[in-house]
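To keep things clear, I will list the structure first and then write my remarks on it.
Taken together, the values in this text are just the output of simple stated rules run on the coordinates, not laboratory data. Note that the structure is a prediction, hence the values are computed from the model and not measured. A quick note on method: Cβ atoms are made from the backbone with ideal geometry, for glycine too, and the neighbour counts reach across all protein chains shown.
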Amino acid sequence: MATPEDAGAGLAALSRHLKERLGAGVTHVWLSEETKERFRGLKAKARASAQAAGQPAPDSDAVRTPPTDPLPPAADTAPPDPASKPRPQSAGAASRTPPEGKAARLAAIAERAEHCARCRGLGTLRDTMVFATGNPDADLMFVGEAPGAEEERQREPFVGPAGQLLTKIIETMGLRRQDVYISNIVKFRPKIGDGTDQGSANRPPEPEEMAAAVEYVRAEIGVVAPKLIVALGGTAMTGLLGIDGSVGRARGTVHDCGGTPAIVTYHPSYLLRSGGKSEKRKVWEDMLFAMEQLGMPISERQRRFFS
Ligand code: URA
């Protein structure tokens, strides 16, 4: 049996360990019921001991809410449980971690991304960081490749022409931009030449640029814990999911993104370039597939949108 002193020391060690993991970018840990029960026992003992000694309960910010935002040991670490999230329409109503806690953790990731030495050290990306937008507690997350000129100007992803098309697609799904979470793999607009005279010209990120930055979008996925990720276009598909080949072949299948289901569709800028109704129809089919995966209601009108 653990004594109150053991309990206090155990909690302090646990708190240190969690803070280290948080510092290393780990945002979710999974605990077995048995471990949670043992933790609750330790916490109760430490509290009782502190009260008996007339002291405040031991400090353990990182372990204050074990059932919702819990702790290792390492053997217990596992991906977040997507089944415990609300539907997109009710996002924010009853999630595992309060959205405001998620917002703070996302802000910490944005801060790290802003100072990403590896990204900036490449010398091929511009200076302004463009992070993400939307609901930190969203069930549905869109991931693109990198910001363009308009995104850089407004410091928000997907606000240029491709972003406006993405917004229409989201609205046709019966959602709003603020219901979903929208991010990019690379957080800086890729330079063309030395970046000084590139005007509004954009380019997709190179593999080494995505390799330098992908840890941030992975950390975002860990915090938001979406039920479904939509990778927009071949560059995001390869950079995030490690899938080579064509988007056409990867469509219509649920892939695995570190434990989170993910699907692939064409990038909205490809739709703008190709202009073809058949590509637009395919993207819409992918969105219906996404809605089915999320258990969202689909109206007849939505089903027949392209008929
Ligand atoms: N294309 C992307 O991939 N991301 C943006 O934010 C804008 C355009």
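Going out from 0 in 5 Å bins, what whole percent of all Cα-Cα distances in the range 216-307 drops into each bin?
Using 5 Å bins, I get a P(r) of 3, 13, 23, 22, 20, 12, 6, 1 for the range 216-307.
Just how far, in whole angstrom, is the range 126-172 from the range 278-295 if you go by their alpha carbon centroids?
19 Å
Report the relative contact order of the range 147-242, percent, no decimals, based on alpha-carbon pairs under 8 angstrom and at least 6 residues apart.
27 percent.
With +1 on each Lys and Arg Cβ and -1 on each Asp and Glu Cβ, and nothing else charged, work out how big the dipole of the range 210-307 is about its Cα centre, in Debye to the nearest 20.
Approximately 500 debye in magnitude.
Search the structure for amide H atoms under 5 Å from the amide H of residue 128, placed 1.01 Å from N in the peptide plane, and list their residues when 5 or more places away or on another chain.
Answer set, sorted by chain and number: 189.
First select every other residue whose beta carbon is under 14 angstrom from the beta carbon of residue 199; then total the charges, Lys and Arg +1, Asp and Glu -1.
Around residue 199, the surrounding residues sum to +1.
Given the pairs 102/282; 102/191; 187/282; 191/227; 168/280, which span a C-alpha to C-alpha distance of over 23 angstrom in this model? List each step's numbers first, then the result.
Numbers: 102/282 33 Å; 102/191 31 Å; 187/282 28 Å; 191/227 33 Å; 168/280 12 Å.
Among 102/282; 102/191; 187/282; 191/227; 168/280, the Cα-Cα distance tops 23 Å for 102/282; 102/191; 187/282; 191/227.
Give the long-range amide H neighbours of residue 257: residues separated by 5 or more places, or on another chain, with amide H under 5 Å away, using H modelled in the peptide plane at 1.01 Å from N.
262
Show me the ranking of peptides 202-209, 176-183 by mean Cβ neighbours inside 10 Å, starting with the highest.
Numbers: 202-209: 17.2, 176-183: 21.1.
Those peptides, ordered most packed to least, come out 176-183, 202-209.
So for the range 91-303, Kirkwood radius off the Cα pairs, Stokes-Einstein at 37 °C and 0.692 mPa s: how many µm² s⁻¹?
Numbers: Rh = 17.3 Å.
The calculation lands on 190 µm²/s.
Note down the net charge around residue 170, summing +1 for each Lys or Arg and -1 for each Asp or Glu among other residues with Cβ under 11 Å from its Cβ.
Overall, the nearby charge balance is +1.
So what J values fall out for the range 107-122 if you push phi through Karplus, 6.51 cos²θ - 1.76 cosθ + 1.60 with θ = phi - 60°, rounded to Hz, Gly and Pro as x?
4, 5, 5, 4, 4, 5, 5, 4, 9, 4, 5, 5, 5, 5, x, 5
Within a Cβ distance under 13 Å of residue 303, other residues only, what is the Lys/Arg minus Asp/Glu net charge? Show your work: numbers first, answer last.
Working: positive: 281, 301, 304; negative: 285, 292, 300.
Its environment carries a net charge of 0.
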